[in-house]
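A short worksheet on the structure shown next.
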Amino acid sequence: GSYIPLSMQSQDPHAHEYAGDAGDIEELQFSQLSLDGAVSEVYSSDGEGSQSGAADESLPEHACAYCGVHEENSVTKCLTCKRWFCNARGNTSSSHIIWHLVRAHHKEVQLHPGSQLGETTLECYNCGGRNVFSLGFIPAKSDTVVVILCRGCASAPSSKDVIWDAAQWQPLIHERQLINWLVRVPSAQAQQKSNTVNSQQIRSFEEMWVRSSNSLAGDAAAPEAETEAQKVLLRYEDAYQYQSIFGPLVKIEADYDRRMKESQTEDNITVRWDTGLNRRKLAYFQLPKYELGEVRLAIGDELRLSYSDVLFRGTWSGSGNVIKLPNSASDEI
């Protein structure tokens, strides 16, 4: 879990909400992040640093996949797709990392190793949950540490010896951005050098990554243009015209259905086998994506299980229908 010693500014009770009022981070050791002094460079106007701008021919691996910003204190890694995104809004209503997490339905992030907080995975100090949309922070009663807790753990009844006051819990995401003492907003100079993207371009990037999951961050600079489908007509001159219009539409729909099924794939699950009263094989397993609401299932839906072990048993796959959904007695499907 995340346990962050922090020197709070007693003059301002809301100091932890604003950039410039939190402390400079000095050292990271495992789950403890030592902070010392006051952060005075959250909004750096001089833009000094090692960034070379989005116009460079080669950007570092941690450059924002949308705009190319690569300040180490301003980028965050999505642990699901392994791409980096910055905390700048640009011409959109949300920061780029929040845009991506919402569009891609991803929820786990990690800070850059070179940032002042180090290579930290944001997770609940109490239960280890990593859903950044449910994470928040609480200043400890001694005003020397900040504890990251999920909403559930923060609202749960606690003992008297707990070191934090649950009433002070605040989310890590504020006004569609990660809070500034955690991930800084890129400097004005870095944003001027970056690529300007709008919400429509961001949607194009996300659609491109759905079509090709192996695309690198640099591929976002030039998303493939899709062939615009022709509009359907009320009347057609002949069968060839009808086929030329509806053929691409059918292919687009089929490709979309395939991408949706592929996006719902869950790897590395553990299956428990049993035999039913009708002597049919039953497979029980947990589906994290269902628990997170990313996949919808109903009794009777068809699922396919596959197993691959080339060295020993080769490959196997089988299909079946859902006969049980998670309930209060069991989380298994």
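The values are calculated or read from the model by the stated rules, or taken from the named source; none is laboratory data. Remember, predicted model here, so these are calculated numbers, not experimental data. For neighbour counting, all protein chains shown are included, and Cβ atoms are generated from backbone atoms with ideal geometry for every residue, glycine included. Remember, those area values only see protein heavy atoms, side chains included, never the ligands or the DNA or RNA. Shrake-Rupley method; radii C 1.70, N 1.55, O 1.52, S 1.80 Å.
List of remarks:
- Hits in segment 213-233 - residues which are at pLDDT below 65 and either farther than 22 Å from Gln201 by Cα or basic (Lys, Arg) (or both): none
- Matching entry among Tyr284, Tyr290, Tyr236, Tyr256 (being at pLDDT 75 or above, touching a helix residue (DSSP H, G or I) at 6+ places or on another chain (Cβ under 6 Å) and surrounded by 10 or more Cβ atoms within 10 Å (Cβ to Cβ)): Tyr236
- Residue pairs meeting the criteria (Cβ under 8 Å; at least 6 apart or on separate chains; first open to solvent by less than 40 Å² (accessible area, probe 1.4 Å), in segment 112-131; second of a type in the set (Ser, Thr, Tyr) and modelled with pLDDT of 90 or more): His112/Thr76
- Residue that is surrounded by the fewest Cβ atoms within 10 Å (Cβ to Cβ), among those in segment 64-103 that are touching a Cys at 6+ places or on another chain (Cβ under 8 Å) and aliphatic (A, V, I, L, M): Leu101
- Residue list for segment 301-331, restricted to those being open to solvent by less than 40 Å² (accessible area, probe 1.4 Å), modelled with pLDDT under 85 and touching a strand residue (DSSP E or B) at 6+ places or on another chain (Cβ under 6 Å): none
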